[in-house]
Amino acid sequence: MGKIDERERPAMDRLLLGLRDQLAGRGVEAHHLSDQDDRPCLEVFDGRLRVRRVYVHLVFLWFIWGGRNDERTSCHQLDDAAEVIAGAALAGWSQEDLEGVRVAELHKILDSYKS
């Protein structure tokens with residue numbers, strides 16, 4: 001995915017900031033930032049203070065925080081998305097891939113929908 005189109009940033013930021021507010025209302029700590037590739041994301045903490053980064057995939061309108069099928073949810077309803085992500089965070093992030101989403105994983109997900 002690399003660098004994002006700067007025209008996409010306002011939409012990504014709006015979705016992430018809305019999600020951050022919804023998560024805060026559920027007692028989940030989340031911070032809005034940009035990663036090393038300047039992609040906007042949220043750092044979301046679980047109960048053991050382990051962090052996962054949550055990204056927005058605008059093509060599919062997903063929030064993504066890992067490579068597994070249960071580590072993404074729709075952006076269409078922020079309240080529902082926050083419920084899913086808060087549930088995962090409050091249960092504790094899985095031990096697998098705690099460093100978060102990799103660009104290669106996003107490409108694999110996108111490629112799976114092209115075929």
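The values are calculated or read from the model by the stated rules, or taken from the named source; none is laboratory data. Here the structure is a predicted model, which means the values were calculated and not measured. Note that each Cβ is placed from the backbone with ideal geometry, even for glycine, and that neighbours are counted across all protein chains shown. Just so you know, the surface numbers come from the protein's heavy atoms only, side chains and all, with ligands and any DNA or RNA stripped out. Shrake-Rupley method; radii C 1.70, N 1.55, O 1.52, S 1.80 Å.
Pairing each residue of segment 10-29 that is under 12 Å from residue 78 (Cα atoms) with any residue that is open to solvent by 40 Å² or more (accessible area, probe 1.4 Å) and in a helix (DSSP H, G or I), provided the two are 6+ apart or on different chains, yields C-beta distances under 9 Å for 15/78; 18/78; 19/78; 21/78; 22/78; 22/79; 22/83.
Among the residues making up segment 20-36, those that are open to solvent by less than 50 Å² (accessible area, probe 1.4 Å), in contact with a helix residue (DSSP H, G or I) (Cβ under 9 Å, 6 or more places away or on another chain) and outside any strand (DSSP E or B) are 23, 28. The listed residues are 82, 86, and the only one of them that is closer than 18 Å to residue 13 by Cα, modelled with pLDDT of 95 or more and open to solvent by less than 40 Å² (accessible area, probe 1.4 Å) turns out to be 82. Screening 17, 49 for residues that are open to solvent by 40 Å² or more (accessible area, probe 1.4 Å), modelled with pLDDT of 95 or more and not in a strand (DSSP E or B) leaves exactly one candidate, 17.
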